[in-house]
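Chemist: First, the structure itself, so that you have it in front of you.
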Amino acid sequence: MLTKEELEEYCKTARESYLPHISIDCVVFGFHEGLLKVLLLTVKNEGGWYLPGGFVLKDEPIELSANRILKERTRLDEIFLQQFHVFGDPQRSKQHFDMYKDMLPPKDNWFTNRFLTIGYYALVDFCDVNPSPDQFAATCSWCDLNDLPELKLDHALILKTALDTLRLQLNYQPIGYNLMQKEFTMPELQKLYETILDKKLDRRNFQRRMLGFGILKRSEKPRKGGAHKAPFLYSFDLENYEAALKEGFKGGW
């Protein structure tokens, strides 16, 4: 929770710099050691966890706002971002309204405004991210999707909607380039899909379909090491992958 002095300073800057009544909240997905991760943060002197978020500068395109907000938390440029929903429940910011309503007059208090928030989800390589708290955050860290802490405001709903949208995307667009290492085995890619979908997939059918999409390239050399036959390594054919993102493909899991 901000002190009165911090609140006054921030609200003055916010009124001068940002569009009123609009915010952005981002769901950042990463994949590591067979688990889907989500980037969360805690606020100084406040209990509970939040999604990374922020506001839109007055002369800034929405997409650039989302990239700027995530760069502050991940130190990454050119993140894969997908806008997926707008959240506008009149009471969605009530928790912050109640927290700060008596500290400043309503006309001066940025946090007692009603905010519509634009939801974006991001797919990133877990190993490339350097989780970084912003000026108000105490911590910024990865959490396992299957072991999440309680989220404040409507951020649990935002996260669920992002995951539902990501699962839907698997039916008509490829997933994986932004989440996997440069080279990977077919079982590792299948594990990613199973983790997102939260269900088991048939191994042979998965491999046949993935190869049929034409978005993978097989390495001439298998992965070294291990007692059993070394599995082949694959990478994404970026040109075909980007074409599939634009044109889509038929199917479903």
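The values are calculated or read from the model by the stated rules, or taken from the named source; none is laboratory data. Small disclaimer: the values here were computed from a predicted structure and weren't measured. Neighbour counts are summed over all protein chains in view; Cβ atoms, including those assigned to glycine, are modelled from backbone coordinates with ideal geometry.
Chemist: Return the pair list, or none, for Cβ contacts closer than 8 Å from residues in the range 31-42 that are more than 12 Å from residue 196 (Cα to Cα) and assigned by TED's automatic domain parsing to the domain that holds residue 192 to residues that are in a strand (DSSP E or B) and not acidic (Asp, Glu), at least 6 apart or on different chains.
Modeler: Pairs found: none.
Chemist: Within the range 162-207, which residues are surrounded by 18 or more Cβ atoms within 10 Å (Cβ to Cβ) and in contact with a Ser or Thr (Cβ under 8 Å, 6 or more places away or on another chain)?
Modeler: Matches in the range 162-207: 184 only.
Chemist: Determine whether the range 79-98 contains at least one residue that is touching a strand residue (DSSP E or B) at 6+ places or on another chain (Cβ under 7 Å) and under 29 Å from residue 3 (Cβ atoms).
Modeler: Yes, the range 79-98 contains at least one residue that is touching a strand residue (DSSP E or B) at 6+ places or on another chain (Cβ under 7 Å) and under 29 Å from residue 3 (Cβ atoms).
Chemist: So how many residues does the range 189-209 have that are among the polar types (S, T, N, Q), more than 19 Å from residue 35 (Cα to Cα) and touching a residue at least 12 places away in the same chain (Cβ under 8 Å)?
Modeler: The number of residues fulfilling the criteria is 1.
Chemist: So residue 68 clears everything in (1) on the phi < 0 side of the Ramachandran plot; (2) of a type in the set (Lys, Arg); (3) in contact (Cβ under 8 Å) with a residue 24 or more places away in the chain except one condition, right? Which one?
Modeler: (3)
Chemist: Among the numbered conditions (1) modelled with pLDDT of 95 or more; (2) surrounded by fewer than 18 Cβ atoms within 10 Å (Cβ to Cβ), tell me where residue 159 comes up short.
Modeler: It is condition (2) that residue 159 fails.
Chemist: Right, next: Look through 68, 73, 92 and report the one residue that is in a loop (DSSP other than H, G, I, E, B) and either surrounded by 14 or more Cβ atoms within 10 Å (Cβ to Cβ) or touching a His at 6+ places or on another chain (Cβ under 6 Å) (or both).
Modeler: 92
Chemist: May I pose another question? I'd like the residue in the range 95-114 that is assigned to a loop (DSSP other than H, G, I, E, B) and among the hydrophobic types (A, V, I, L, M, F, W, C) and, out of all such residues, is surrounded by the fewest Cβ atoms within 10 Å (Cβ to Cβ).
Modeler: 104
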